[in-house]
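Undergrad: One structure follows; several queries about it will come next.
The values are calculated or read from the model by the stated rules, or taken from the named source; none is laboratory data. From a predicted model like this one, the values you see are computed outputs, not experimental measurements. The protein model used for the area step is the full one, side chains on, heavy atoms only, and it has no ligands, DNA or RNA in it. Shrake-Rupley method; radii C 1.70, N 1.55, O 1.52, S 1.80 Å.
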Amino acid sequence: MTVVGTTPPPRLPVRDRTAGRERGSGAVSPMLTRLAAERATGVLERERGALYLAEGRVVHAESPFAPGLDVLLLTHGTLEPGVWWEAVERAGEERGAARLLLDAGRIGRGALEMCHLGALYDAAYFALAPSSAPGRFRYGAGHWFGALRPVPVDAVERETLRRRELLHRLWPDPLPDSAPLLRADPAAAPLPPSRQRAVLALVDGVRTASDIARELGRPAFPTLMDVRRLAAAGLVTARFPPPVAQPPPALALPQVNDPDITLLKRLRDALEAL
């Protein structure tokens, strides 16, 4: 019996899922990573917020979806409103508001750093959200607050990814993070903890999670966690945005042959033929 050897078929490429996960957990914003590598100074403006850099590190972040530092400092009396606004008005390029507050002894450095880092990570979470709009970096731009405690870009990105994963585990639908919230009031739902009850008391069909965070003077991320826990318990639902009205289809106008235009074209052709 003769055995004929055959060449085995080539192996099909297999996707390396581990490598894919590692790539997926890499840079949240390639542009931000590049700016950190070149030690850039300026502001990265994105669709849902902005990050201020000094020599490649994040020194401040802002987002309309996160309570600002003023909310965290003033709501619970950590700082007097008059003291805060005086520092804001006197802040300049050489001495930011943070340095003015610390030099005047108006607030301890630890308390200011804690509130500032909370506001920075809050705003960065929204600013680094996936977006279809391109970011824009303005070199040299600074923020009136000044650089208090610069944070490495990779630390901001790691914290952003950690927050996304944590929120996804609590409730996988991100709609309650930004949509107006409605109370569901199921009959058999357990009584939520007091912190979540404070959030639930402000749910009125109009306020969003960010609105509730500002009202309570709390950071945005813990409020998002409370909202998603309430959604998982069936106590809160998100109001879906209204459908976008589609424009009516354009009507095709009938093509009209103007006899005068036809005659002119014939005259032109005859003249060109001479």
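Undergrad: Would you mind checking which residues have amide H under 5 Å from residue 144's amide H? H placed 1.01 Å from N; only 5 or more apart, or other chain.
TA: Here the answer is none, since no amide H 5 or more places off falls under 5 Å of that of residue 144.
Undergrad: Give me the percent of the accessible area of the stretch 25-70 that comes from carbon and sulfur atoms, probe 1.4 Å, all protein chains in place.
TA: 49 percent
Undergrad: Please report, for the Cα atoms of the stretch 31-127, the Rg to one decimal and the Dmax as a whole number; what are they, in angstrom?
TA: My reading of the Cα-based Rg and Dmax gives 14.0, 40 Å.
Undergrad: Could you provide, to the nearest whole Å², the per residue accessible area of the stretch 76-201 with probe 1.4 Å?
TA: 56 Å²
Undergrad: What is the set of long-range amide H partners of residue 236 at a cut-off below 5 Å, with H atoms built 1.01 Å from backbone N?
TA: Hits under the 5 Å cutoff: 184, 231.
Undergrad: In terms of modelled amide H atoms, which long-range or inter-chain residues lie less than 5 Å from the amide H of residue 58?
TA: So residue 58 has HN proximity to 151, 153.
Undergrad: A further question follows. Return the sequence-ordered ³J(HN,Hα) values of the stretch 38-44 in whole Hz as given by the Karplus equation 6.51 cos²θ - 1.76 cosθ + 1.60 applied to θ = phi - 60°, using x for Gly and Pro.
TA: Rounded to whole hertz, the list is 8, 6, 7, 10, x, 10, 9.
Undergrad: Apply the Debye scattering formula to the stretch 78-203, with a single equal point scatterer on each alpha-carbon and no solvent, then give log10 I(q)/I(0) at q = 0.14 Å⁻¹.
TA: Each listed q maps to, in turn, -0.91.
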